[in-house]
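Student: Can you keep this structure in mind? I'll have questions shortly.
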Amino acid sequence: MAKPYTMGLSSVFAAASAAAASASILPQANSNAAFADGPFDINSISSSGSPQSSPAQLQSQPSAQPAAAADKETSGNVRVRNDNPRTSSSGFDPEALERGAKALREISSSSNAKKTFELKKQEETSQAELAERAAEFKAMQAQAETERQRVIYDEQKKLTQHQAQTKSQMARYEDELARKRMQACQNEHQRSRNQELVKLQEESAIRQEQARRATEEQIQAQLRQTEREKADIERETIRVRAMAEAEGRAHEAKLAEEVNRRMLIDRANAEREKWVAAINTTFDHIGGGLRAILTDQNKLVVAVGGVTALAAGVYTTREGARVIWGYVDRILGQPSLIRESSRGKYPWSDMLTRSMSTLSRSGDKVSPSKAGNGFGNVILHPSLQKRIQQLAGATANTKAHQAPFRNMLFYGPPGTGKTMAARELATKSGLDYALMTGGDVAPLGAQAVTKIHQLFDWAKNSKRGLLLFIDEADAFLCERNKNYMSEAQRSALNALLFRTGDQSKDIVLALATNRPGDLDSAVADRIDEVLEFPLPGEDERFKLVKLYLDKYIAQAGSRKPGVIQNILKKQQQKKIDIKGLTDDILREAATKTEGFSGREIAKLMASVQAAVYGSENCVLDPTLFREVMDYKVAEHQQRRKLAAADAGQV
């Protein structure tokens, strides 16, 4: 029973305290706000000063509100707008005050009134402590505000100093930029002045050089004019001297001729008389012999029989030797289709030919132009030359291992080195070689088959193996269904196909043609390696020009005379003198001769040789070389135009 009573008493005191607190705070609220019709914020001080209040404070606040409200109601006549009809004009509910007064009456009539007043005193003490804490909090808050203002002032001061320092740095930086810009302008001005000075110096140097060249040209022109005049005077002097000498020699020759004529007449008369006497004596002897034979019958018969026997013997010996030699030539000799061969015409001449070639190779010195070329005088594209060298090595190894040889086809424009490459291929691989042309087969007619078999039989007798090179192979190895192909040509083609049907260990067949598309399909089937020989490029043409310049110009007339020439004292050729012909001029010639084959370049250098021999002093200079080269280049272009025109008409 006591506990509920105490709780009710506490609630009454709380209501009274709340009223008192509201009454005490009301003047402050009226002074801070324009209107007081809203709810009061009683906890503003406690919430700002002490975020977490103790339970005693929370209990003391409600008890203080009613008392404060009562004091407020009784103390002033302040009129406040009341929008809530249930509350008074002071802003709180009067029913709470009535309930508080009723509770006080009950407390006064209760036996626990003394305890109630003690609790009130404790509550007042708590309120006083709370006020002190609020005052301390306000002082701390003011101090914190002062410290905050001081920090703000320090920060503003530092900011101001930093801004002043930044402005000072910016001013220095702008001043430095201005100085740099001024220095750059001065440098640019100085550079422009230097450029102008250099330009003026260059123009002055150019003018001086032009003046010097003009002076030199005038001097050279005067020198040339002087030389021409001097040459004219010398020619006139030589002409006059030659005419005087010719007239003197003519007069002397005329006198000598008269003397010689009389001497010859006397000598001729003496010789005529001597021969006439000899002839008369001879005819006298012959006439005496004929008279003796005709008068004696036995001598006549013997004379006639001797003459007849002598004529028969001479005829029989001649015809028998011809038949025997034809038989020997057919059995042991070289076939008639072979135009060129490294083998001798007869077996006993082969050894002699090889020994003579060995002696000639050992006696001759290697020329500088051939020393760096391991493929003889054949100048080909590096890739093609490497391929041929590989084929030469493979052919040599094939012969060493007794394996079948591989047949080859060389095709390309005329004069690109197909025949020379075949010859070098046979030499490098250690084989004999034989050269024939396809145009020799057609004129043989019915004998072509026999000659083909005779050729292959002869080739098989080679102990070293033989490379048979057939040039212009399309002349008789063309397609067999052509209408213009005769029966003899078809038979010759069939004979060759028969002899080449199997891979041979004795013969390497190498065909050369300008038109590989015309070959018979069976012939193409027997080909194992196909090599194209294109027109030489600029580097190859440069090497060919140097090669044939050395062959036709530098080494012309430098051969040593033989024994017979020494005996006969035959006049030697005059050596050609080369002046000013550099590699740049030869490179220019290689550039201008685009489209030339190796044979045409050789003919070009032969024409240069003929032009040199046609000159007076036998000297080759750049002017003569360019003149001949330009003429041959124009001639080559004209031939190409004519060939193109003929092809267009066809």
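Student: Listed residues G430, G417; which is in contact (Cβ under 8 Å) with a residue 12 or more places away in the chain and in contact with a Leu (Cβ under 8 Å, 6 or more places away or on another chain)?
Tutor: G417
Student: State whether one or more residues within the range 382-395 are within 31 Å of the chain's Cα centre (by Cα), modelled with pLDDT of 85 or more, farther than 23 Å from Q555 by Cα and not in a helix (DSSP H, G or I).
Tutor: no
Student: Moving on to the next point. For the range 441-452, check the following and say yes or no: at least one residue is β-branched (V, I, T), in a loop (DSSP other than H, G, I, E, B) and either more than 30 Å from A403 (Cβ to Cβ) or touching a residue at least 24 places away in the same chain (Cβ under 8 Å) (or both).
Tutor: yes
Student: Can you tell me which residue in the range 408-440 is farthest from the chain's Cα centre (by Cα), limited to those that are closer than 10 Å to A512 by Cα and part of a helix (DSSP H, G or I)?
Tutor: That would be G438.
Student: Checking the conditions here, which among N481, N494 is of a type in the set (S, T, N, Q) and either under 27 Å from L535 (Cβ atoms) or in a loop (DSSP other than H, G, I, E, B) (or both)?
Tutor: Answer to the selection: N481.
Student: A follow-up question, please. Considering only the range 534-552, I want to know if a residue exists there that is surrounded by 19 or more Cβ atoms within 10 Å (Cβ to Cβ), farther than 21 Å from L586 by Cβ and modelled with pLDDT of 90 or more.
Tutor: no
Student: Would you confirm whether any residue within the range 238-254 is modelled with pLDDT of 85 or more, part of a helix (DSSP H, G or I), over 60 Å from the mean Cα position of the chain (by Cα) and of a type in the set (D, E)?
Tutor: Scanning the range 238-254, I find no residue that is modelled with pLDDT of 85 or more, part of a helix (DSSP H, G or I), over 60 Å from the mean Cα position of the chain (by Cα) and of a type in the set (D, E), so the answer is no.
Student: If you scan the range 604-626, which residues turn out to be part of a helix (DSSP H, G or I) and either over 16 Å from V545 (Cβ atoms) or of a type in the set (A, V, I, L, M) (or both)?
Tutor: Result: L604, M605, A606, V608, A610, A611, V612, Y613, G614, T623, L624.
Student: List the residue pairs whose Cβ atoms are under 7 Å apart, where the first residue sits in the range 619-631 and is assigned by TED's automatic domain parsing to the domain that holds T593, the second is outside any helix (DSSP H, G or I) and buried (at least 17 other Cβ atoms within 10 Å of the Cβ), and the two are 6 or more positions apart or on different chains.
Tutor: L620/I576; L620/L581; P622/L581; F625/L581
Student: Looking at the structure I just gave you, is A403 crowded, with 23+ Cβ neighbours inside 10 Å and farther than 30 Å from P536 by Cβ?
Tutor: No: the conditions fail for A403.
Student: Within the range 468-487, is even one residue crowded, with 18+ Cβ neighbours inside 10 Å, out of contact with any helix residue (DSSP H, G or I) (no Cβ under 7 Å at 6 or more places or on another chain) and polar (S, T, N, Q)?
Tutor: Checked against the condition, which is being crowded, with 18+ Cβ neighbours inside 10 Å, out of contact with any helix residue (DSSP H, G or I) (no Cβ under 7 Å at 6 or more places or on another chain) and polar (S, T, N, Q), the range 468-487 yields no hits at all.
The values are calculated or read from the model by the stated rules, or taken from the named source; none is laboratory data. This one's a predicted model, so the numbers in the text were calculated from it and none came from an experiment. No Cβ is skipped: glycine too gets one built from the backbone with ideal geometry, and neighbour counts run over all protein chains shown.
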